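Reading through the structure tokens given below for one structure.
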Amino acid sequence: MISATRYPYDDEQCLHLHGIVYAAIRDAKIKFTTLSYAVFYQAAMNG
């Protein structure tokens, strides 16, 4: 389980990151699932 303190981002940074993830999933034209979100979220976190 990922703790809330693992990634030290504030709310504005988190919203920006989520926007990147949603756009990447949409642009890849794949089905939005928790797994696809997790994969794209991790990719966005790693740059």
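The values are calculated or read from the model by the stated rules, or taken from the named source; none is laboratory data. Only a predicted model underlies this, so the values are computations on that prediction, with no experimental measurement involved. Using ideal geometry, Cβ is built from the backbone for each residue, glycine included, and neighbour counts are taken over all protein chains shown.
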>> Need pairs with beta-carbon distance below 9 Å; first residue surrounded by 11 or more Cβ atoms within 10 Å (Cβ to Cβ) and of a type in the set (A, V, I, L, M, F, W, C) and within segment 12-27, second at pLDDT 90 or above and not in a helix (DSSP H, G or I); sequence gap 6+ or separate chains.
In response: 25/31; 25/32
> So residue 2 clears everything in (1) surrounded by 10 or more Cβ atoms within 10 Å (Cβ to Cβ); (2) at pLDDT below 90; (3) of a type in the set (Val, Ile, Thr) except one condition, right? Which one?
Replying inline: (1)
> For segment 5-22, does any single residue satisfy the condition of being among the basic types (Lys, Arg) and modelled with pLDDT under 85?
Replying inline: yes
